[in-house]
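The values are calculated or read from the model by the stated rules, or taken from the named source; none is laboratory data. Quick caveat, the model's predicted, so the values are computed rather than measured. Note: ideal-geometry Cβ built from the backbone for every residue, glycine included; neighbour counts use all protein chains shown. For the accessible areas, the whole protein counts, side chains as well, though only heavy atoms, and no ligand, DNA or RNA atoms are used. Shrake-Rupley method; radii C 1.70, N 1.55, O 1.52, S 1.80 Å.
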Amino acid sequence: MCSNKTSTIINYYDIMIEKFWKIDEKYYFCNMDIIDVEQRVARAEELFNSGYNCCQSVVLAFADIIGLQPTLAATVSAPFGGGMGRLREVCGAVSGMTMVAGFLSPCPTADDPAAKKANYALVQHFAEQFRAQNGAIVCRTLLGLDHAKDNPTPSPRTAEYYKKRPCGMLVGDAARIVAEYLIQNHNINTTKL
């Protein structure tokens, strides 16, 4: 039974790895498309305002670029909302950027220290940009909370919730950081064909 699970994971991994070009033993993501920064920002904010958590909103805003089906993107990013399951640690929007970085600067093998270094450098770049704009990357600090974790039950999404939380703006900031990075570093068109 365990081998079937392993086989499923490996088969999925093999499918995902096809999304990359391998040139000189390095992997490059090959599904880049036209990027409209404001559209990505608006999409991330819209997703958050429709009920997705902060991490899901960022990952879903780029799911088409990174080649993930929306259901899978929402599923794998769900636990990172609320600073990792409402533990109020690293902001979910930052975690969303980190997940996207895994596709933009992939390290799909265990024996590639250069790829790991490039991936970690991109994660640190995203986090530094976010911190520069918002003063922190930790959820409880961004929300001004004086406690570490919350009850795991999500807060109801009411008008009052959205009024007192900066999360919609934070997912927009994260989406802007990723979109601008894509334009600056991957020669992506910024106009429609």
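For the reader, a short list of remarks on this structure follows.
- Qualifying residue in the stretch 85-99 (condition: hydrophobic (A, V, I, L, M, F, W, C), in a loop (DSSP other than H, G, I, E, B) and touching a helix residue (DSSP H, G or I) at 6+ places or on another chain (Cβ under 7 Å)): yes
- Ala110 fulfils the conditions (1) open to solvent by 10 Å² or more (accessible area, probe 1.4 Å); (2) in a helix (DSSP H, G or I); (3) free of Cβ contacts under 8 Å to residues at least 24 places away in the same chain except for a single criterion, (2).
- Residue within the stretch 82-93 that is open to solvent by less than 20 Å² (accessible area, probe 1.4 Å) and either farther than 18 Å from Ile137 by Cα or of a type in the set (Val, Ile, Thr) (or both) present: no
- Note on the stretch 34-80: residues that are of a type in the set (Gly, Ala, Ser), surrounded by 15 or more Cβ atoms within 10 Å (Cβ to Cβ) and free of Cβ contacts under 8 Å to residues at least 60 places away in the same chain total 6.
- Only one of the numbered conditions (1) among the β-branched types (Val, Ile, Thr); (2) closer than 21 Å to Asn151 by Cα; (3) crowded, with 16+ Cβ neighbours inside 10 Å is not met by Val123, and that is (2).
- Test: residue in the stretch 4-21 that is modelled with pLDDT under 95 and closer than 18 Å to Val171 by Cα: no
- Residues of the stretch 115-137 satisfying the condition of being part of a loop (DSSP other than H, G, I, E, B) and over 16 Å from Met99 (Cβ atoms): Gly135, Ala136
- In the stretch 157-180, the residues that are more than 16 Å from Gly144 (Cβ to Cβ), hydrophobic (A, V, I, L, M, F, W, C) and in contact (Cβ under 8 Å) with a residue 12 or more places away in the chain: Val171, Ala174, Ala175, Ile177, Val178, Ala179
- The set of residues from the stretch 24-48 being at pLDDT 95 or above and either under 23 Å from Thr153 (Cα atoms) or assigned to a strand (DSSP E or B) (or both) comprises Ala44, Glu45, Glu46, Leu47, Phe48.
- Residue match in the stretch 138-151 (condition: on the phi > 0 side of the Ramachandran plot and of a type outside the set (S, T, N, Q)): yes
- Only residues that are of a type outside the set (Gly, Ala, Ser), at pLDDT below 90 and open to solvent by less than 60 Å² (accessible area, probe 1.4 Å) were counted across the stretch 138-164, and they come to 2.
- Thr98, sole failed condition from (1) surrounded by 14 or more Cβ atoms within 10 Å (Cβ to Cβ); (2) of a type outside the set (A, V, I, L, M, F, W, C); (3) more than 22 Å from Leu60 (Cβ to Cβ): (3)
- Remark: pairs (first residue in the stretch 116-140, touching a residue at least 24 places away in the same chain (Cβ under 8 Å) and within 30 Å of Lys164 (Cβ to Cβ); second residue open to solvent by 90 Å² or more (accessible area, probe 1.4 Å) and in a helix (DSSP H, G or I); Cβ separation under 7 Å; 6+ apart in sequence or on different chains) = Ile137/Arg131.
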